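Structure first, then comments.
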Amino acid sequence: MKMGAGRTAFLVALLAFFIYYLPYFGLYFNSLTPFKIVHTDAWKKIMDFRRSFRPIREPTPLPEIDFKDITYEKFMQMTAGLSRPIAIRNAIAAVNELGDVNFWLEKYGDSIVNCVDMDTDLYRACTVRELIDYNMKQGRNIYSRTNHQILYENPELIEKLTNNVTYWIGNEPLYEIFIGFESGGSPLHAAFGVNLFKQITGHKKWTLWAPAELPFMDLHLSDDAASLLAIGGRVTYSGTEWLKRTNRYEVILNAGDMLFNPCMWMHIVENVDPDNTASLIIGSPERHFGVKYGWKTSPYITTHLIMKKILIKLYQKVNGITAEKSAVDFLPINNVENARLFDEYIRKRAKELAGGAVLN
């Protein structure tokens, strides 16, 4: 009788172990072999079955602190050594100036940025003036994201956005800027780098998931092994049904706030306009790259990324393939020319993915 009970307990434990670690197996199998099992209907059903045992839950408010109260010791304590996210309120002093549409039109109206149609995902280069006209005069859903050239051409913008926290994180950062209106945002993903995000004007709602939630998330490793992306297309809404059964944090950033987002924390960013002002919503990520940040948050995902990159290099070498440039080949971006080339690369990749189509 005891042997039968022991065997049953062992089988139950083995089944529980298998069900829990199945997503990890799937991620490895998907990215280290030619077989894309996580993109199948069967995989979706398995993941839905796993999540069905979890209750629908509300998001947890993200921990926050006012900038005037923060010190290096408090920052490291609240972020658990750069491994947990926090919001830092009232951190950017120049928000009134930078939040004025006329300021951007007069000073940077002719600056080149990446413009993307949020409905079709088509890109092209456009000026800040064209971007504002698209939205305010034509009523189109055009967003400008992952811009570098405008910042490195105008270093005074970087100076206005930099404070002590930049130096506490370490490593020379990559500066970017996102410009849009209420309909913009970033879909569910996770990046291999630390992000110190500055909210310049308007409001952004951030929803974040710890790497430990990965077994319950429909994500896969990107082909270039640089990030985790949603399976089956973009997930842009934090209220998506299957996400309601996940443990997540939530915060709305206001003008002048910052958010520290650790390496490999999954997130969705939604532009919001609670006051119906139809005004600009601008944010500036400051990205710090390094394997050390990945080890702090998720050794598993970091190892997975490294293995994938090694396999890519090995495959290219064995088959005599000259590797195309990837995003990391442009780092560090420390001059205007590198920034311009990086933005051109982003538009080129978007055009290739769209079969040659561009925003008109």
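We did not get these values from a lab; they are worked out from the coordinates using the rules stated. Computed from a prediction, not measured in an experiment: that's the story for all the values here. All Cβ positions, even for glycine, are placed from backbone atoms using ideal geometry, and neighbour counts span all protein chains on display.
With contributions of -39500 (n - 2.57) from each DSSP H run of at least four residues, the per-residue ellipticity at 222 nm computed over the chain stands at -11000 deg cm²/dmol. The residue list VAL194, PHE67, LEU259 was ranked by how far each Cα lies along the charge dipole of the chain toward its positive end, using unit charges on Cβ atoms, and VAL194 comes out on top. Taking a straight line from the alpha carbon of LYS351, these aspartates and glutamates sit under 12 Å away, with near neighbours fewer than eight places off in the same chain left out: ASP121.
Pairs from the list LYS45/LYS309; LYS68/LYS160; LYS36/LYS308; LYS204/LYS244 with a Cα-Cα gap above 24 Å: LYS45/LYS309. The ranking of ARG347, ARG54, ARG145 from fewest to most other beta carbons within 10 Å of each one's beta carbon is ARG54, ARG347, ARG145. Between HIS39 and LYS74, full extension at 0.36 nm per residue minus the direct alpha carbon distance yields a gain of 8.4 nm.
Think of each Lys and Arg Cβ as +1 and each Asp and Glu Cβ as -1; about the Cα centre, that makes the dipole of the range 95-209 roughly 280 debye.
Computed extension gain for GLU213 through VAL358, at 0.36 nm per residue and net of the alpha carbon distance, reaches 48.6 nm. Can you tell me how the range 172-301 classifies by the Cα gyration tensor, rounded, prolate or oblate, using a/c under 1.5 as the rounded cut? Since a/c reaches 1.5 but b/c is at least a/b, the shape of the range 172-301 is classed as oblate. Which residue, chosen from MET136, ILE346, GLY232, occupies the Cα position most advanced towards the positive end of the dipole of the range 59-353, where the dipole is computed from +1 (Lys, Arg) and -1 (Asp, Glu) charges on Cβ about the Cα centre? Looking along the dipole axis, the top candidate is GLY232. Straight-line reach from LYS313: taking Cα to Cα under 19 Å and skipping same-chain neighbours fewer than 8 places apart, the lysines in range are LYS325. Under a Gaussian network description of the chain, with springs only between Cα atoms under 10 Å, the residue in ALA93, ALA42, ALA230 that fluctuates furthest is ALA42.
The gain in end-to-end length when the ARG54 to ASN164 segment is fully stretched comes to 35.5 nm, 0.36 nm per residue minus the alpha carbon separation. I'd like the FRET efficiency for ASN335 and ASP110, computed as 1/(1 + (r/R0)^6) with the beta carbon distance as r and R0 of 25 Å, rounded to 0.05. So, using R0 = 25 Å, E works out to roughly 0.80. Scanning the chain for cysteines with no neighbouring cysteine C-beta under 4.7 angstrom from their C-beta gives CYS263. Model label sites at LYS137 and ASN154, defined 7 Å from Cα along the beta-carbon direction, differ in position by 1.9 nm.
Could you check which residue among PHE260, PHE103, PHE53 shows the biggest mean-square fluctuation in a GNM of the chain with a 10 Å Cα cutoff? Evaluated over the chain, the most mobile residue of the options is PHE53.
Kirkwood hydrodynamic radius of the range 97-146 from all distinct Cα pairs, in Å? After inverting the mean inverse Cα-Cα distance, the result is 11.0 Å.
Dipole magnitude for the chain: computed about the Cα centre from +1 point charges on Lys and Arg Cβ and -1 point charges on Asp and Glu Cβ, it is near 1820 debye. Here Rg and Dmax of the Cα atoms in Å was calculated from the structure, and among (1) 21.6, 83; (2) 20.8, 70; (3) 25.9, 91 it sits at label (1).
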